[in-house]
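Peer 1: First the structure, which I've put down as structure tokens, then a few questions once you've had a look.
Each value in this text was obtained by applying a stated rule to the coordinates, not by laboratory testing. Just so it is clear, the model here is predicted, and its values are computed rather than measured. Because the Cβ atoms are built from the backbone with ideal geometry, glycine has one as well, and the counts that use them run over all protein chains shown.
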Amino acid sequence: MSGEQKTVIKGNPSQYVKLNIGGSLHYTTIGTLTKHDTMLRAMFSGRMEVLTDSEGWILIDRCGKHFGAVLNFLRDGCVSLPDTCRETAELLAEAKYYCISELVQACEQALMKKEREAEPICRVPLITSPKEELLLISSTSKPVVKLLINRHNNKYSYTSTSDDNLLKNIELFDKLSLRFSGRVLFIKDVIGSSEICCWGFYGHGKKVAEVC
């Protein structure tokens, strides 16, 4: 672009410089940029040429979303990491680009911790009492699907396919709960009934259908 030129920056640590990181503007000192042994130290200690525009902004072709966090880490040696894995991974990519090894390590450790502590994508409550069932169904605004399974019920005689049919119902319930867990509350009931396997469907706290 017109007005852009390469130059070497080397000045007093207290000297301020203007940075344009992918359109995100920052104003900081050479002392901050050269405080740690990183690529930024090489850029602002005269070892590398930098690109500037006609207004004196130093241009770095990176996403500037996390550059504020990068600067805070350079200033303080620590920084609050993002809450989400996605943003932590984005910050990790910037830390790797600027060769900030301590920040790379902090991001990688945070991602490993988040992976170990990751919330399950689906939770299916297991009913332990009629009171608990009533509380679960009445306290949610979601529609409810309940699967009752009672393998030890002796009301009916088992056929050669009874266990197979029971397992198919359980498998279907598991697939549905994984797919629709965000919109539907799925619960399992094993506390006993006159049925071996029964599906219950609830809306607004009331049973609307049952299939046994």
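Peer 1: If a/c stays under 1.5 just call it rounded; otherwise compare a/b with b/c (prolate if a/b is bigger, oblate if not). Do that for the stretch 5-116, with a ≥ b ≥ c from the square roots of the Cα gyration tensor eigenvalues.
Peer 2: Judged from the Cα gyration tensor, the stretch 5-116 comes out prolate (a/c at least 1.5, a/b above b/c).
Peer 1: OK, next. With r as the distance between the Cβ atoms of R62 and V184 and R0 = 35 Å, compute the FRET efficiency 1/(1 + (r/R0)^6) and round to 0.05.
Peer 2: That gives a FRET efficiency of 0.20.
Peer 1: If you don't mind, there's one more thing I want to ask. Quantify how much of the Cα-Cα distance distribution of the chain extends past 27 Å, in percent.
Peer 2: For the chain, the fraction of Cα-Cα distances above 27 Å is 56 percent.
Peer 1: Follow-up. Determine the calculated [θ] at 222 nm for the chain from helices alone, applying -39500 (n - 2.57) to every DSSP H run no shorter than 4 residues and normalising by the residue count; nearest 500 deg cm²/dmol.
Peer 2: Counting only the DSSP helices, I get -11000 deg cm²/dmol.
Peer 1: Right, here's the next one. Write out the cysteines belonging to the chain for which the nearest other cysteine Cβ is not under 4.7 Å, or none if no such cysteine exists.
Peer 2: For the chain, the answer is C63, C78, C85, C99, C107, C122, C197, because their Cβ atoms have no other cysteine Cβ under 4.7 Å.
Peer 1: For the ranges 5-15, 134-144, 100-110, 33-43, what's the packing order if you count other beta-carbon atoms within 10 Å of each residue, average per peptide, and put the highest first?
Peer 2: Going from most to least packed, we get 33-43, 100-110, 134-144, 5-15.
Peer 1: Continuing with this model, one more query. Of K65/K114; K113/K146; K142/K175; K65/K175, which pairs sit farther than 28 Å apart, going by alpha carbon to alpha carbon?
Peer 2: The pairs that break the limit, which is 28 Å between Cα atoms, are K113/K146; K65/K175.
Peer 1: Please find, in a Gaussian network model of the chain (springs between Cα atoms separated by less than 10 Å), the residue of E87, E117, E171 whose mean-square fluctuation is greatest.
Peer 2: Largest GNM mean-square fluctuation: E171.
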